[in-house]
Structure formats: structure tokens, C-alpha cells
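> Just passing along the structure, written as C-alpha cells.
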């Protein structure tokens with residue numbers, strides 16, 4: 001059997017699982033950017049593999065790949081994963097670059113503070129339990145989970161049981177789209193079983209393969225679970241601070257004060273994108289809602305466990 005995985009950061013975990021559970025299969029993987037490059041170049045080896053492919057796993061909705069597949073190819077959809085219930089302050093934007101030097105995650109509150117002309121110190125006072133409750137951050141655990149499960153259900157996959165098992169696991173998420181690698185192992189396992197492909201190894205061997213999975217995303221970027229969010233939901237505040245990638249950078253840890261300062265530096269350098277950034281937050285009225293002065297003037301000490309400096 002020839003199988004291709006098309007996925008982003010999860011592809012290594014998916015391949016590890018597939019090679020362990022189907023050792024006689026010809027399993028290969030590619031990330032979307034590389035696939036598009038090879039197709040544009042009419043890469044003979046890649047096109048030949050696609051033409052004789054038995055199973056296509058991952059981002060199976062990419063027409064640029066599908067048009068090269070044979071009729072026999074089984075599509076096994078496996079959408080990109082993200083869950084914002086533990087990180088309700090995070091918003092993904094195409095530009096500018098994130099404070100962690102990789103990716104596109106921004107703090108909604110830091111961005112709203114900058115758009116509103118608040119100082120860094122004034123914006124820091126927004127990071128409180130009062131603000132999070134007012135903005136509905138605590139409700140995101142339910143709504144974000146529904147959004148995540150719907151994204152998979154739309155592709156014919158039921159991950160509700162998987163979310164039940166993982167949602168309160170300590171350190172489940174390093175970042176909204178970066179769970180522990182064991183989660184991706186479990187995800188591809190459930191997906192393949194639902195698609196009719198059970199492991200061709202013993203349960204003991206499967207358990208060992210899961211234990212042997214290298215958690216490479218632990219070396220990537222980290223966004224903290226804010227202590228108030230963790231306390232509200234009864235979960236661990238882990239990660240506890242921001243960290244740039246240790247795999248592709250310095251792996252530098254920093255706290256709330258520094259996150260806001262770096263965010264402002266980035267926004268100042270990208271002031272031409274102001275209208276675009278404001279629109280990403282929902283427009284002027286939404287920005288004003290984020291920086292409600294009642295919350296900003298709260299006497300509560302902000303970010304007590306977020307490494308707030310000074």
C-alpha cells in the first residue's frame with residue numbers, strides 16, 4: 001500500500017504512527033508548501049507517487065493535489081487541529097509576525113491596547129480575571145471545543161471522545177495549534193480506525209510506539225495558559241510563560257510585561273497595517289470593548305503568575 005500524508009506540523013507524528021502500525025506500507029509525507037512547489041515544477045517522482053497512491057491522509061481538500069490522484073485513491077481527511085479554549089486571548093493573524101518570532105499568534109488585549117493608544121503599563125492592567133470574565137474568555141472552553149469538533153465533523157470525523165480524554169490533561173497544549181505529540185498519535189489512530197485501517201501490530205506494540213513518539217512540539221513556541229483561566233477551569237497553568245522556539249530559535253522565556261512591550265514594538269513597525277489589525281479584532285467597537293476602562297482601572301494585580309516584570 002502506498003500512503004501519502006499531507007499536513008503541517010503534525011506530519012511527523014502521523015508518519016511515526018503509520019510506519020509503526022503498518023510496517024509494510026510505503027509511507028511518505030509532505031508539507032503543503034513543498035507539495036505546491038513540486039507540483040509547480042512538475043516533479044516526476046512526486047507526480048508518479050500520486051498517480052499510484054492508495055491512501056491520501058491529511059489535508060485532502062487541496063484540489064491542486066487531488067487532480068493528480070487515481071480513482072482508486074482513498075481519501076482520509078484529517079484537518080489541521082487548533083483549540084482556543086485554553087488560550088482565549090490568542091488571535092491568529094496573517095501579519096505581522098508574532099512576539100515569539102515565528103507563527104502568527106497575537107494577544108487580543110495587547111493589540112487592542114495598542115490600537116486604543118494605551119501605554120504598555122495601561123494595557124498590562126487589562127490582564128485580570130475581571131477582564132476575562134467580561135470578554136467571555138471563560139466561555140471559550142465550550143464554544144472553542146464545539147468549533148474544533150465541528151471542523152472535524154465536517155470532514156466525517158468524530159473527535160469528541162478524544163477531546164474528552166485530553167482537554168484537562170496537564171500541559172495538553174503548548175500553543176492553540178500545538179498539542180502534545182501523543183495527542184496527534186491518538187488523533188491519527190482514531191482517524192485511521194474510522195477509515196477502516198486498524199493497526200497491524202499488537203496492542204502492546206501500539207502502546208510502545210505511542211510511548212516512543214518524540215514530542216518535538218515541546219521544543220516549539222509556547223503561549224501560556226493564563227493563571228486566571230487555569231484556575232477558572234481547574235486545569236494546570238502550563239505553559240506558564242511565553243517562549244520562542246527552542247528548535248528554531250533561542251528558546252527564550254519571557255513574561256507578560258515583556259510580551260506587551262515586544263507586541264507594541266511589532267505593531268509600531270507595522271503601523272501601516274493598523275486598519276487590517278483593527279478589522280481582525282472586529283472593528284472599532286470591538287476594540288473599545290476590549291479596553292473597557294472599568295477593567296483597566298481594576299485594583300487587581302495583573303498577571304500574577306505570568307512572570308510580570310517590575
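> Is there any pair with a first residue in segment 250-263 that is in the same structural domain as residue 121 (by TED's automatic domain parsing) and farther than 15 Å from residue 89 by Cβ and a second that is modelled with pLDDT of 95 or more and in a helix (DSSP H, G or I) whose Cβ atoms are under 6 Å apart and which are 6 or more apart or on different chains, and what are they?
The qualifying pairs are 261/120.
> Okay, moving on. Let me spell it out: the conditions are (1) touching a helix residue (DSSP H, G or I) at 6+ places or on another chain (Cβ under 7 Å); (2) more than 30 Å from residue 259 (Cβ to Cβ); (3) assigned by TED's automatic domain parsing to the domain that holds residue 89; (4) touching a residue at least 40 places away in the same chain (Cβ under 8 Å), and residue 130 meets all of them except one. Which number is the exception?
Every listed condition holds for residue 130 apart from (2).
> Quick check on my filter: what residues within segment 184-203 are free of Cβ contacts under 8 Å to residues at least 40 places away in the same chain and not in a loop (DSSP other than H, G, I, E, B)?
186, 190, 193, 194, 203, listed by residue number.
> Something else about it: Return yes or no: is residue 84 modelled with pLDDT of 95 or more, in contact with a helix residue (DSSP H, G or I) (Cβ under 7 Å, 6 or more places away or on another chain), within 18 Å of residue 239 (Cβ to Cβ) and surrounded by 22 or more Cβ atoms within 10 Å (Cβ to Cβ)?
Here the answer is no, as residue 84 does not meet what is asked.
> Mind checking whether some residue in segment 63-75 is at pLDDT below 95 and buried (at least 18 other Cβ atoms within 10 Å of the Cβ)?
Scanning segment 63-75, I find at least one residue that is at pLDDT below 95 and buried (at least 18 other Cβ atoms within 10 Å of the Cβ), so the answer is yes.
> Residues of segment 100-138 being assigned to a helix (DSSP H, G or I) and farther than 22 Å from residue 241 by Cα, which ones? Break it down stepwise before answering.
Within segment 100-138, the subset assigned to a helix (DSSP H, G or I) is 108-115, 120-124, 129-134, 137-138.
Result: 115, 134.
> Okay, moving on. Of the conditions (1) surrounded by 20 or more Cβ atoms within 10 Å (Cβ to Cβ); (2) within 20 Å of residue 223 (Cβ to Cβ); (3) in contact with a strand residue (DSSP E or B) (Cβ under 7 Å, 6 or more places away or on another chain), residue 191 fails just one. Which one is it?
(2)
> While we're on this one: So the check is Cβ under 7 Å with 6+ separation or different chains; which pairs have a first residue in segment 268-283 that's in the same structural domain as residue 92 (by TED's automatic domain parsing) and a second one that's assigned to a helix (DSSP H, G or I) and surrounded by fewer than 13 Cβ atoms within 10 Å (Cβ to Cβ)?
Once the first residue is in the same structural domain as residue 92 (by TED's automatic domain parsing) and sits in segment 268-283, its partners that are assigned to a helix (DSSP H, G or I) and surrounded by fewer than 13 Cβ atoms within 10 Å (Cβ to Cβ) give 278/284.
> Looking at (1) crowded, with 18+ Cβ neighbours inside 10 Å; (2) assigned by TED's automatic domain parsing to the domain that holds residue 149; (3) without any contact (Cβ under 8 Å) to a residue 60 or more places away in the chain, which one does residue 225 not meet, given that it meets all the others?
Going through (1) crowded, with 18+ Cβ neighbours inside 10 Å; (2) assigned by TED's automatic domain parsing to the domain that holds residue 149; (3) without any contact (Cβ under 8 Å) to a residue 60 or more places away in the chain one by one, residue 225 breaks only (3).
The values are calculated or read from the model by the stated rules, or taken from the named source; none is laboratory data. Quick caveat, the model's predicted, so the values are computed rather than measured. Reconstructed Cβ throughout: ideal geometry from the backbone, glycine too, with neighbour counts over all protein chains shown.
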